[in-house]
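Coordinate-derived values only; no laboratory data. Given the structure is predicted, the values throughout are model-derived calculations rather than measurements. Positions of Cβ are generated from backbone atoms using ideal geometry, with glycine treated the same way; all protein chains shown enter the neighbour counts.
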Number of protein chains: 2
Amino acid sequence: MPEPIDLRRRQLLAGTATAIAAVSLSGLPWRVQAQEALPLPDYVKWKTAETLIVHSANTLETRRGAIGTSVVTASDRLFVRNNLPAPDAAIVADRDAWGVAFAGVKQPRSLTVAELKSLGVETVACVLQCSGNGRGFFPHKPSGTPWTVGAAGCVFWSGVPLKAVVEALGGVADGMAFITGTGGETLPPGIDATTVVVERSVPLRALEQALLAWELNGEPISLAHGGPLRLVIPGYYGVNNIKYVRQLAFTAEETKANIQTKGYRLRPVGVQGAPDQPSMWEMNVKSWISQPLEQMKAGRVVIQGVAFGGARAVKSVEVSLDGGQSWRPAPFVGPDLGPYAWRPFVLAVELKPGNYSLASRATDVDGNVQPRERMDNDNGFAHNGWEDHAVKLAVV
Amino acid sequence: MPEPIDLRRRQLLAGTATAIAAVSLSGLPWRVQAQEALPLPDYVKWKTAETLIVHSANTLETRRGAIGTSVVTASDRLFVRNNLPAPDAAIVADRDAWGVAFAGVKQPRSLTVAELKSLGVETVACVLQCSGNGRGFFPHKPSGTPWTVGAAGCVFWSGVPLKAVVEALGGVADGMAFITGTGGETLPPGIDATTVVVERSVPLRALEQALLAWELNGEPISLAHGGPLRLVIPGYYGVNNIKYVRQLAFTAEETKANIQTKGYRLRPVGVQGAPDQPSMWEMNVKSWISQPLEQMKAGRVVIQGVAFGGARAVKSVEVSLDGGQSWRPAPFVGPDLGPYAWRPFVLAVELKPGNYSLASRATDVDGNVQPRERMDNDNGFAHNGWEDHAVKLAVV
């Protein structure tokens, strides 16, 4: 994604720099490039290769048909997007020893994961989605990974509510308006830290749902997904969910890190990022079809997909077979895991031979409806337009 | 488990017969034997070894502390119990081609998984538990695997409701009272099939919730867990959830297979199995503590565990620190996934140095309460007594 970190620098920092550069700099068409069959990087060798598209060592996308039909996205299929290479795997060898410095509270101090575990436990199901999910559909070809729908998953996080930690530390200090998390990545020497550090601020209102999580889908969080401890802000874009969080500060202002001030800002095409533009915080209402994706035989077809409200619960979803000329409601299936989770939907239809444009359109509990059009923006963020997400299907 | 299949025969059918026999027939104390560090069998090499106790090639138990705190039990930690060795892995190479013969319906026929997928999709979260979970606590040392608490997990299954399939086949034929599923295992030649076949009947009322599932926790079901297709009867003991189901029949009477007529029958110690004894169908209300399990330092301790109602929803759970002399309610955490799922609970307490007996006691929505005592029975089935499940804890 187009945060202000030089792309080539990041690739050089990664382990398989040569291979990545070869693809990134190749003359392959921009979208086709995403389909290149790179092998899984070593740190995610435990993932299921055939379910993933490896864009680079730091960007792996879940294939559109591989999200499954249950609510949970299996960890070995979940997308990966790192702004910097992960820290050494040694940090997950003794998970309970990992320490986080808390600041901007009345009694600032450091706490280990072991200590955090004694403060309480909660589990939340939520959609984890990259701000640039859907970037691959923008015709102006924004810089950054051309994700289509697979930079997203719905998972269980377990950890301690940040609220409970704050209570144990005497409460938020006066005048603070943001929660600022800092990642534990090793920063390259000789560079101004603010240009590369993964440090993000979100509004204090997110304290309501924020979690310091040590478990993903019932297992200790892998290094690839931010273990031993990750800041999880349900309803917010992925970048705000700080991996290997090493500092959690309540601050009066947003961090000055480039990833906050210039990166992840919604702005017109061609405009530079700046602090007065909207930050990639709360997610919007969205849905897409996960199957069928390919030509099929005429007859009964079960259309499946997922819908979520982002920062609020999804209320309903409709499906169109004719590119949006007509819509019919599609029922949700499976248990409702709460406002931040996605809901799978299923609609069985009879299809005669012909060409179809299968689209889905979700509505959240506040009445926000997925728009038809994408909103063009420099980085290709926040794409929830249903038209680009439609599946062109030939039925024979 | 003590179904009437000769134990030694089953071990000989398994791949690693020698190693298993060496342990099973060793003079090791009965319970200690369960802790032997056997390697993972090849067909479950993808599981996380340190989270499992390998009792034999066909019986793997999740360690008590490894169930995690979210609702879902990760597939790579989920217990395995096979009554026969699994079929050849070739059956999961082309999953959609697997066929199931339907009988006892008005329009009997075979359907492939691909065809079943066109009939509908549902997801259910439920506890999968072996009838013998807790057998290791019975003092009379029943034959069969001495599971303690880890022959259980809570997972998502996705598939087609059996009801939808039956509707497509014209409905259940008149006079049928049972759902009888037959497993796809290859039976050893020269043996009367009824003595070994995995074929179970459950009452027709289970049609309400039964599922033909092709997905477990968002992924195609592995061979180890019954893929490509498993009959899932939420609320019923594991043995009724037929793996690699190859026939699904509605029948007027229960199957004559030994695993039904003599096996999985609740009877007094020393009595042989017979059809007039209760069959291991609906599960009972149960809970246990998953942590802490070991000596710890005085101070704040977060007690965690899981509670479920079995065939009906769990309503509440209490925790005792003094072996049942006093109880306090423990709140559930995380989303409620429906009546067949378990609910994690968490209770934070301050513990001074001393010895504690930590127990949990669940109550279901019908008011059934976990009893203190186990109900002794020949096979060590259905153990939900809270006293045996208590954790003895030294706080220093």
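Laid out as a table, the results:
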| quantity | calculated |
| --- | --- |
| Selection from A:Ala114, A:Asn82, A:His55, by position along the positive dipole direction of region A:42-262 (Cβ) | A:His55 |
| Out-of-range pairs (alpha-carbon distance over 30 Å; input B:Lys243/B:Lys286; A:Lys352/B:Lys243; B:Lys45/B:Lys256; A:Lys163/A:Lys315) | A:Lys352/B:Lys243; B:Lys45/B:Lys256 |
| Label point 7 Å beyond Cα along the C-beta direction, distances from B:Ala89 to other copies (nm, shortest first) | 2.2 |
| For region B:59-127 versus region B:135-186, the gap between their alpha-carbon centres in whole angstrom | 10 |
| Positive-end extreme of charge dipole, region B:286-395 - chosen from B:Met375, B:Leu347, B:Phe308 (charges on Cβ) | B:Leu347 |
| Net dipole in debye of region B:187-267 [+1 Lys, Arg Cβ; -1 Asp, Glu Cβ; about Cα centre; nearest 20] | 260 |
| Relative contact order (percent, whole number), region B:42-262, Cα cutoff 8 Å, 6+ residue spacing | 23 |
| Sparse-neighbourhood loop sites, trypsin sites (Lys or Arg not before Pro) in region B:285-373 - DSSP loop, at most 12 other Cβ within 10 angstrom | B:Lys297 |
| Dipole magnitude of chain A about its Cα centre (Cβ charges: Lys, Arg +1; Asp, Glu -1), debye to nearest 20 | 660 |
| Over chain B, relative contact order from alpha-carbon pairs under 8 Å, at least 6 apart, % | 16 |
| Per-residue average of Cβ from other chains inside 10 Å of B:118-126 | 6 |
| Extreme residue, positive dipole direction of region B:240-318, given options B:Val245, B:Ala298, B:Ala257 (C-beta unit charges) | B:Ala298 |
| Proximal charge balance of A:Ser287 [Cβ under 11 Å; K/R count +1, D/E count -1] | +1 |
| Chain A Cβ-axis minimum, rotational copy B, residue and distance in Å | A:Val72, 3 |
| Rounded Å value of the spacing that divides the Cα centres of region A:209-269 and region A:283-316 | 27 |
| GNM result for chain B, Cα springs below 10 Å: residue of B:Leu351, B:Leu229, B:Leu40 fluctuating most strongly | B:Leu351 |
| Ranked list, fewest to most other Cβ atoms within 10 Å of each Cβ, for B:Leu207, A:Leu119 | B:Leu207, A:Leu119 |
| Fewest-first ranking of A:Glu294, A:Glu167, A:Glu185, using other Cβ atoms within 10 Å as the exposure measure | A:Glu294, A:Glu167, A:Glu185 |
| Shielding score for A:219-231, defined as the mean number of other chain Cβ atoms within 10 Å | 1 |
| Global geometry of chain B, whether rounded, prolate or oblate, following the gyration tensor of its Cα atoms and the 1.5 cut on a/c | prolate |
| Dipole magnitude of region A:286-395, debye to nearest 20 (Cβ charges: Lys/Arg +1, Asp/Glu -1, about Cα centre) | 360 |
| Contact order relative to length of region A:198-337, as percent, for alpha carbon pairs under 8 angstrom and 6 or more apart | 16 |
